[in-house]
Amino acid sequence: MSDIGKKIRIERIMHRDSRNIVIIPMDHGISDGPIKGLIDVADTINKVAEGGADAVLMQKGIVTHGHRGYGHDVGLIVHMSASTILGPDPNNKVQVCSVEEVMKMGADAVSIHVNVGSETESDQLQKLGSVSEECNYWGMPLLAMMYPRGKDISNPHDAELIGHVARVGAELGADVVKTLYTGDVDTFKDVVQGCPVPIVIAGGPKTNTDEEFLQMIEGAMEGGARGVAIGRNVFQHENPTKITRAITEIVHHKKSVEEALEMLK
């Protein structure tokens, strides 16, 4: 029973033709406050939905403020982890809701964040395993955000580290893993090869140019990524609709960076 539930929900957030995913996370308000692009969440959701995003990702309390009941549909992923930049350890992600709770909100998937290498790694891994069990019971797809972060992590883009954290997410039952791009197509291919579930890449800090940003996405897709889960570089863009459309041209239609840049004109 749970298998068909997961299948149906995943199909709601995955592009039917490419089988890839463009997710726009908007959960930054809990960590960073009401930053640019997230003051009016409903307006931003409208813009990225019109640009062709497959899903948006947010905390449970924002769902009612960003519900889209008109126009182009967009999938809903509810994030179950939280920490703030004001806390003593922002890397300590805690669980703030349950799978059953977000099912009542109509979520198509849930996500949980784990910082492998942090001082509270063991607690976060335990929560990932527990949430995975809940997801299997209820037929809810699970996106695991897996990052190498902690006092002994000097280079979070190191290919071996990224390969390790991606594998950890798969080992504990994630249906999709979100992690960092290594910055190199060949090393990222190794990451993908070592992870038996689809990988989508994070956006990281806001990039300097649209071309640089889209080149990162193109490289990740060439390396075997199945899509993106990118927030700031989209919702803080001067035109979130156009940049979302440019992303979908690469992710879903295998267009070049040059062709995708035409979407921004």
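The values are calculated or read from the model by the stated rules, or taken from the named source; none is laboratory data. The structure presented is a predicted model; accordingly, all values stated were derived computationally and were not measured. Positions of Cβ are generated from backbone atoms using ideal geometry, with glycine treated the same way; all protein chains shown enter the neighbour counts. To get the accessible areas, we keep the full protein, side chains included, count just its heavy atoms, and leave off ligands, DNA and RNA. Shrake-Rupley method; radii C 1.70, N 1.55, O 1.52, S 1.80 Å.
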Completion exercise
In the range 175-204, residues that are in contact (Cβ under 8 Å) with a residue 40 or more places away in the chain and under 15 Å from Asn115 (Cβ atoms) total 2
Handout entry: Flag for Thr84 being touching a Pro at 6+ places or on another chain (Cβ under 8 Å), in contact (Cβ under 8 Å) with a residue 12 or more places away in the chain and open to solvent by 30 Å² or more (accessible area, probe 1.4 Å)
Key = yes
Problem - From Ala42, Ala109, residue being open to solvent by less than 50 Å² (accessible area, probe 1.4 Å) and either under 18 Å from the mean Cα position of the chain (by Cα) or polar (S, T, N, Q) (or both) - result: Ala109
Problem - Residues of the range 233-265 classified as without any contact (Cβ under 8 Å) to a residue 24 or more places away in the chain, open to solvent by less than 70 Å² (accessible area, probe 1.4 Å) and more than 20 Å from the chain's Cα centre (by Cα), total - result: 1
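Residues in the range 169-183 that are open to solvent by 30 Å² or more (accessible area, probe 1.4 Å) and either under 19 Å from Asn20 (Cβ atoms) or in contact with a helix residue (DSSP H, G or I) (Cβ under 7 Å, 6 or more places away or on another chain) (or both): how many? Talk me through it step by step, then tell me what you get.
Just the residues of the range 169-183 that are open to solvent by 30 Å² or more (accessible area, probe 1.4 Å), to begin with: 171-172, 175, 183.
Right, trim to either under 19 Å from Asn20 (Cβ atoms) or in contact with a helix residue (DSSP H, G or I) (Cβ under 7 Å, 6 or more places away or on another chain) (or both) and you get 172, 175.
Final tally of qualifying residues: 2.
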Fill in the blank from the handout: Listed by first then second residue, the pairs whose first member lies in the range 115-131 and is open to solvent by 10 Å² or more (accessible area, probe 1.4 Å), whose partner is basic (Lys, Arg), with beta carbons under 7 Å and at least 6 positions apart or on separate chains, are Gly117/Arg149; Ser118/Arg149
Completion exercise
Within the range 240-262, residues being over 26 Å from Ser111 (Cβ atoms) and either of a type in the set (S, T, N, Q) or touching a His at 6+ places or on another chain (Cβ under 7 Å) (or both) number 1
Handout entry: Failed condition for Val74, given (1) free of Cβ contacts under 8 Å to residues at least 40 places away in the same chain; (2) surrounded by fewer than 23 Cβ atoms within 10 Å (Cβ to Cβ)
Key = (2)
Completion exercise
Counting only residues that are closer than 18 Å to Asp89 by Cβ and touching a strand residue (DSSP E or B) at 6+ places or on another chain (Cβ under 6 Å), the range 149-164 contains a total of 2
Problem - Residue under evaluation Gly66, criteria (1) exposed (fewer than 14 other Cβ atoms within 10 Å of the Cβ); (2) at negative phi; (3) modelled with pLDDT under 95, criterion not met - result: (1)
Handout entry: Residue ID - most open to solvent (accessible area, probe 1.4 Å), chosen from residues in the range 198-219 that are acidic (Asp, Glu) and in contact with a helix residue (DSSP H, G or I) (Cβ under 7 Å, 6 or more places away or on another chain)
Key = Glu211
Problem - Set Val94, Val99, Val22: member being open to solvent by less than 20 Å² (accessible area, probe 1.4 Å), at negative phi and without any contact (Cβ under 8 Å) to a residue 60 or more places away in the chain - result: Val99
